[in-house]
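Trainee: This structure is in structure tokens; I'll ask about it shortly.
The values are calculated or read from the model by the stated rules, or taken from the named source; none is laboratory data. All of these numbers come straight from a predicted model, not from anything done at the bench. A quick note on method: Cβ atoms are made from the backbone with ideal geometry, for glycine too, and the neighbour counts reach across all protein chains shown. Accessible surface areas use protein heavy atoms only, side chains included; no ligands, DNA or RNA. Shrake-Rupley method; radii C 1.70, N 1.55, O 1.52, S 1.80 Å.
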Amino acid sequence: MTRRCASLLGLWILCLGGCEPEKPPAPSKPQAAPAVAEAGEAGAAVLPADAKDAILTYAGDRGQFKDTGKPADVPEEARGLVRVTLLQGPQPPDGTVWAANLKTPEADGSWKLTTVPRAQFEELALGLGRSSTVELPPGLEAPEVAPREADVIVYKTEWCGVCKQVQSYLDKKGVKYVAKDIEKDATAAGELRAKAKEKGVQTGSVPVIDVRGELMVGFNRARLEQLL
């Protein structure tokens, strides 16, 4: 009986020596987060020469933005400021967009991207000479230029996106102005034609901004600030 107990005791000790307590699995190492461009860092992202996986947005005619996937499709006059949406790649900080100057490629044909505030991009892009083509109603006789009713007059059309940008800009600056739709108001159209003839300015597009007698076709923010 004593021999049997000794055998059982030895077997029990052997089991204790051969079996280790179960250990919890080691935590997996966290994966490194993908690199994201820092706000305002010039060249933090790049548009490849073939513009693969990117959408290019530029200011088109009639004050509207247009999209393309081919840099060659962007008109020369709009290539200086183009919004770039990367379908794969770093995203710009909140409230900003990637922008590129397609006129200045790198040696390998790619373009550096910089961040621009979203609202500022729309204002600047539509102000780079991309005014909206419009035809004045035929058969008008230019009346004599009437006395000025305001220091700033904006000649516009209802559909003109650039015109809306101009009015928004003037509203933000608190500038008092008069807006005249030359498609709905024949008198306003004739008035604009008379002013343009007197100043030797071509009137084939809107907006036309009259600042105390100085006419500006399109929306050039820097020049408008000088005139104001």
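Trainee: Take Gly80 and decide whether it is closer than 13 Å to Phe121 by Cα, touching a residue at least 12 places away in the same chain (Cβ under 8 Å) and either outside any strand (DSSP E or B) or not charged (D, E, K, R) (or both).
Mentor: yes
Trainee: I'm told Gly80 meets every condition in (1) open to solvent by 60 Å² or more (accessible area, probe 1.4 Å); (2) more than 10 Å from the chain's Cα centre (by Cα) except one. Can you identify the failing condition by its number?
Mentor: So the condition that Gly80 fails would be (1).
Trainee: I've got another one for you. For residues that are more than 17 Å from Lys103 (Cα to Cα) and at pLDDT 85 or above, tally how many sit in region 56-74.
Mentor: Qualifying residue count for the region: 1.
Trainee: What's the total number of residues in region 55-77 that are surrounded by 13 or more Cβ atoms within 10 Å (Cβ to Cβ) and assigned to a loop (DSSP other than H, G, I, E, B)?
Mentor: Number of matching residues: 4.
Trainee: Next question. Go through region 182-225 and count every residue that is of a type outside the set (A, V, I, L, M), surrounded by fewer than 17 Cβ atoms within 10 Å (Cβ to Cβ) and free of Cβ contacts under 8 Å to residues at least 60 places away in the same chain.
Mentor: 11
Trainee: Checking the condition modelled with pLDDT under 65 and touching a Cys at 6+ places or on another chain (Cβ under 8 Å), which residue from Val134, Val154 passes?
Mentor: Val134
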